[in-house]
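Q: Structure in structure tokens, see below.
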Amino acid sequence: MARRARKGLQMAATMLVALMLGLLTLGPARAVNPDEVLPDPALEARARALSAELRCMVCQNQSIDDSNAELAKDLRLIVRERLARGDTDTAVIDYVVSRYGEFVLLKPRFEGKTLILWGTPVLLLVAGGAAMLLAARGRRPSRVVGVPLSTEEEARLRSVLDD
């Protein structure tokens, strides 16, 4: 019996390890091709960081670093080319935004144009909280101010209670 239990535990442990190894492969696939990689590791790290901030215009919910689309590859090459020329990270982002618009940024900048985008969640939270407070306030039982009973009513009440 103990041997059977130990064998079952070993099998469960093996399956757990296999499951964990399988889950490790589910991470985002990096689409950067070996021919795109810069020879300088510091520049390549900057290029990867910038690529993670830029949206693939074809996939739209992936960064250009994760996308296999041709446009994403072109953008990755532009980023690396600009970095190799000596541009700062901000200059590279500004250059890409000037060509493709603010939509290319996965995290939009906080500016007057994007104030609605950034402010809407806050406004919704405040409005929801206010609605909950008003609803809770409306559910409170109202206090009934009692009027004393007349002598006639008291007598009738006593007769009903005595019965």
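Since every read-out is calculated from the coordinates, none of them should be taken as a lab result. Here the structure is a predicted model, which means the values were calculated and not measured. FYI the Cβ positions are ideal-geometry reconstructions off the backbone, even for glycines, and counts take in every protein chain you see.
Q: Within region 90-136, which chymotrypsin sites (Phe, Trp or Tyr not before Pro) sit in a loop by DSSP and count at most 12 neighbouring Cβ atoms inside 10 Å?
A: Phe110
Q: Scan region 63-131 for GluC sites (Glu not before Pro) in coil per DSSP, keeping those whose Cβ has at most 11 other Cβ atoms within 10 Å, and list them by number.
A: Answer in residue order: Glu111.
Q: In addition: By what distance, in whole Å, do the Cα atoms of region 29-163 stretch along each of the three principal axes, largest value first?
A: That works out to 103, 32, 26 Å along the principal axes.
Q: Please list, in chain and number order, the residues 5+ apart from Leu105 or on another chain whose amide H is under 5 Å from its amide H, with Hs placed from the backbone.
A: Under 5 Å from the amide H of Leu105: Arg55.
Q: Express the Stokes-Einstein translational diffusion coefficient of region 124-163 in µm² s⁻¹, to the nearest whole number, given a Kirkwood radius over alpha-carbon pairs, 25 °C and a viscosity of 0.890 mPa s.
A: 176
Q: Can you compute the charge dipole magnitude of region 75-163 about its Cα centre, using +1 on each Lys and Arg Cβ and -1 on each Asp and Glu Cβ, nothing else charged? Give it in debye, rounded to the nearest 20.
A: I would put it at about 660 debye.
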